[in-house]
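Colleague: Can you keep this structure in mind? I'll have questions shortly.
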Amino acid sequence: MDVAPKSSLAESFSRYFKVDLAESDAQKEYVFQVRYRVYCEEFKYESVERFANRLEIDDYDEYSRHCLITHLQTGMPAGCVRLVPAVGERENKPLPLEKYCGDSLDNKVIDNLKLQRNTVCEISRLAVDGAFRRRTGEALTRFGEINGLQFSPQEQRTFSSIAVACFFAATVLTEVDGRTNVFAMMEPFLPRLMHRSGIDFQRVGKDIDYHGIRAPYFVTTQAVLENMHPDLQELYSWIKENIVN
C-alpha cells in the first residue's frame, strides 16, 4: 500500500495560515485586538479600563514594525509580534525592556557585547490568540494547541507552531532592517521552545515579575539563521518570502 509523503512543517502551516507585515491601519488594528484579548482580558497584564476601544497600544507602536498571522479559513487573527528598533541612546530613548525591566538587566554583560545602537532591537508583544491554544493549562503558557473551535486534527497540529512563526517573522525583520542584535523579555517557556528548534538565547539578566515571570535574553540574527533545525529553515524561508515580497 502506498503511503502519502508527509507534508513539511512549512507546507502544513501555509495550508492554514498566512503571515503578513502589518502595514495598513486595518492590519494593525487586528494586531492590537489580539494583544488586547491576550494581555488585558485573558491574562490581566494590562487593565481593560485603559483601552476603551479594545486595542492594546503603547508609545512604542508608532515606530515599531508589526507582523500578523491570520487563519485562512476563518480570517481570524491568530498571532502577532513586533520589532522595536533602538532609535536613540538608552538614557533618552530606552527600549521597552530597558524602561520597564531595567533592574533585571546585567549591564556588565550587555556592555561587554559592545553593540552599536543602530543595530539593536527588541522583539516584544508576541501573542497567540486564545482561540488557537489549548484550554487546559493555558494559564501556564500562551503557546500551545487547542480543541476549541471546529478544527481538524491535522490543522490543530500546526497551532503549536504559531509562536515560532511569530518569532521567525520578527527575525525576518531584523535581517531586512539590519537590526541583527536582538533582545527580548521572555517567559521561561519560550527559550525552551526555541531551544528545541535549535536556537539558543543568551540570558542577560535575572527574573523579574513583569507581565508574569520573565527574564531578559539576547541573540543575534546570524545565530538564529545558522542554528535553526533544517526542518524549520523551509518555514523561515516561506515566512520571509511572504513578508519581503
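Colleague: So how many residues does the range 65-76 have that are in a strand (DSSP E or B) and open to solvent by 10 Å² or more (accessible area, probe 1.4 Å)?
Modeller: So the answer is 2.
Colleague: Considering (1) small (G, A, S); (2) crowded, with 17+ Cβ neighbours inside 10 Å; (3) within 21 Å of Y100 (Cβ to Cβ), say which one G79 fails and leave the rest.
Modeller: Here G79 meets the rest and fails (3).
Colleague: Hey, can you tell me all the residues within the range 87-104 that are touching a residue at least 40 places away in the same chain (Cβ under 8 Å) and surrounded by 14 or more Cβ atoms within 10 Å (Cβ to Cβ)?
Modeller: Once the filter is applied, which keeps residues that are touching a residue at least 40 places away in the same chain (Cβ under 8 Å) and surrounded by 14 or more Cβ atoms within 10 Å (Cβ to Cβ), the range 87-104 yields L95, P96, L97, Y100, C101, S104.
Colleague: Name the residues in the range 107-136 that are at pLDDT below 95 and either open to solvent by 40 Å² or more (accessible area, probe 1.4 Å) or more than 27 Å from T158 (Cβ to Cβ) (or both), would you?
Modeller: R134, R135, T136
Colleague: For the range 36-51, what are the residues that are without any contact (Cβ under 8 Å) to a residue 60 or more places away in the chain, surrounded by fewer than 17 Cβ atoms within 10 Å (Cβ to Cβ) and assigned to a helix (DSSP H, G or I)?
Modeller: E41, V48, E49, R50 - these are the residues of the range 36-51 that are without any contact (Cβ under 8 Å) to a residue 60 or more places away in the chain, surrounded by fewer than 17 Cβ atoms within 10 Å (Cβ to Cβ) and assigned to a helix (DSSP H, G or I).
Colleague: Checking F32 against (1) part of a helix (DSSP H, G or I); (2) in contact (Cβ under 8 Å) with a residue 60 or more places away in the chain; (3) out of contact with any strand residue (DSSP E or B) (no Cβ under 8 Å at 6 or more places or on another chain): exactly one of these is not met. Which one?
Modeller: F32 satisfies all of (1) part of a helix (DSSP H, G or I); (2) in contact (Cβ under 8 Å) with a residue 60 or more places away in the chain; (3) out of contact with any strand residue (DSSP E or B) (no Cβ under 8 Å at 6 or more places or on another chain) except (2).
The values are calculated or read from the model by the stated rules, or taken from the named source; none is laboratory data. Keep in mind it's a predicted model, so treat the numbers as computed, not measured. Quick reminder, even Gly has a Cβ in these numbers, built from the backbone with ideal geometry, and neighbours come from all protein chains shown. For the accessible areas, the whole protein counts, side chains as well, though only heavy atoms, and no ligand, DNA or RNA atoms are used. Shrake-Rupley method; radii C 1.70, N 1.55, O 1.52, S 1.80 Å.
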